[in-house]
1. Just to be sure, is Leu45 of a type in the set (A, V, I, L, M), assigned to a loop (DSSP other than H, G, I, E, B) and at pLDDT below 95?
2. Are any residues in region 94-107 exposed (fewer than 14 other Cβ atoms within 10 Å of the Cβ) and either among the polar types (S, T, N, Q) or free of Cβ contacts under 8 Å to residues at least 40 places away in the same chain (or both), and if so, which ones?
3. Which of the residues spanning region 38-51 are surrounded by 14 or more Cβ atoms within 10 Å (Cβ to Cβ) and either out of contact with any Lys or Arg (no Cβ under 7 Å at 6 or more places or on another chain) or basic (Lys, Arg) (or both)?
4. Which residues, taken from region 83-109, are in a helix (DSSP H, G or I) and touching a strand residue (DSSP E or B) at 6+ places or on another chain (Cβ under 7 Å)?
5. Would you mind stating whether Ala23 is modelled with pLDDT under 95, within 15 Å of the chain's Cα centre (by Cα) and assigned to a helix (DSSP H, G or I)?
6. Name every residue in region 55-76 that is of a type in the set (Gly, Ala, Ser) and under 12 Å from the mean Cα position of the chain (by Cα), in order of residue number.
7. Would you say Ala35 is among the small types (Gly, Ala, Ser) and either buried (at least 19 other Cβ atoms within 10 Å of the Cβ) or under 13 Å from the mean Cα position of the chain (by Cα) (or both)?
Amino acid sequence: MTAPRCGALIAIALINFVAYTPAQAQSKTAGELLAACKAFVDSTLEESNAFDGGICAGQIDALRNIGSSLEKDRRYCVPKEVTNLQATRVVVQWIERSRESLKQPFAVVAMTALKQTWPCK
C-alpha cells in the first residue's frame, strides 16, 4: 500500500472515530428516558420532555423494525400488528421491573425488553 493511500485511510478512520464518539457520549440511559417514555405512552408529553419522548419513540420504532434481521443470538421478532405505542409500553414496563437497567444505554435495554417479550420462533 502506498504512503498517500495509507495516510488517506488513516484520515478516514480518524474522521469516523471523531464523528462517532460524540454520538456515543450523548446516548441516553434507560433511566434518563424512562419519564419521557412513560409520558409518550400516557399521551402526556409536554414541551419540557417532548424531545426525549421523540428519542424514546423513535428508537423503539427503529428497534422494533430491525429485530428480525439481527444476528441469531440477538434476534427478536416483534409481530407486525404491534404498534410503536404497544412496544413502548412493553419497554417501559420492563424498565420499571428491572431497576438495575436504569444506568444502561436505553437502546440496549429496549432491545433486551423486545427480545424477551417477542423471541423469534
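The values are calculated or read from the model by the stated rules, or taken from the named source; none is laboratory data. Keep in mind the model is a prediction, meaning the values are calculated, not measured. Because the Cβ atoms are built from the backbone with ideal geometry, glycine has one as well, and the counts that use them run over all protein chains shown.
1. Details: of a type in the set (A, V, I, L, M): yes; assigned to a loop (DSSP other than H, G, I, E, B): yes; at pLDDT below 95: yes.
Against the criterion (of a type in the set (A, V, I, L, M), assigned to a loop (DSSP other than H, G, I, E, B) and at pLDDT below 95), Leu45 qualifies.
2. Arg97, Arg99, Glu100
3. First, the residues of region 38-51 that are surrounded by 14 or more Cβ atoms within 10 Å (Cβ to Cβ): 38-41, 45, 49.
Within region 38-51, Lys38, Ala39, Phe40, Leu45, Asn49 meet the criteria.
4. Step one: list which residues in region 83-109 are in a helix (DSSP H, G or I), which gives 84-97, 99-103, 106-109.
Leu102, Lys103, Phe106 - these are the residues of region 83-109 that are in a helix (DSSP H, G or I) and touching a strand residue (DSSP E or B) at 6+ places or on another chain (Cβ under 7 Å).
5. Working: modelled with pLDDT under 95: yes; within 15 Å of the chain's Cα centre (by Cα): yes; assigned to a helix (DSSP H, G or I): yes.
Taking the combined requirement at face value, the residue satisfies it.
6. Restricting attention to region 55-76, the residues satisfying the condition of being of a type in the set (Gly, Ala, Ser) are 57-58, 62, 67-69.
The answer is Ala57, Gly58, Ala62, Gly67.
7. Numbers: among the small types (Gly, Ala, Ser): yes; either buried (at least 19 other Cβ atoms within 10 Å of the Cβ) or under 13 Å from the mean Cα position of the chain (by Cα) (or both): no.
Here the answer is no, as Ala35 does not meet what is asked.
Results for (1) closer than 21 Å to Ser43 by Cβ; (2) out of contact with any Lys or Arg (no Cβ under 7 Å at 6 or more places or on another chain); (3) crowded, with 16+ Cβ neighbours inside 10 Å; (4) β-branched (Val, Ile, Thr), shown as yes or no for each residue.
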| residue | (1), (2), (3), (4) |
| --- | --- |
| Asp61 | yes, yes, no, no |
| Ile66 | no, yes, no, yes |
| Tyr76 | no, no, yes, no |
| Thr83 | yes, yes, no, yes |
| Val91 | yes, yes, yes, yes |
| Trp118 | no, yes, yes, no |
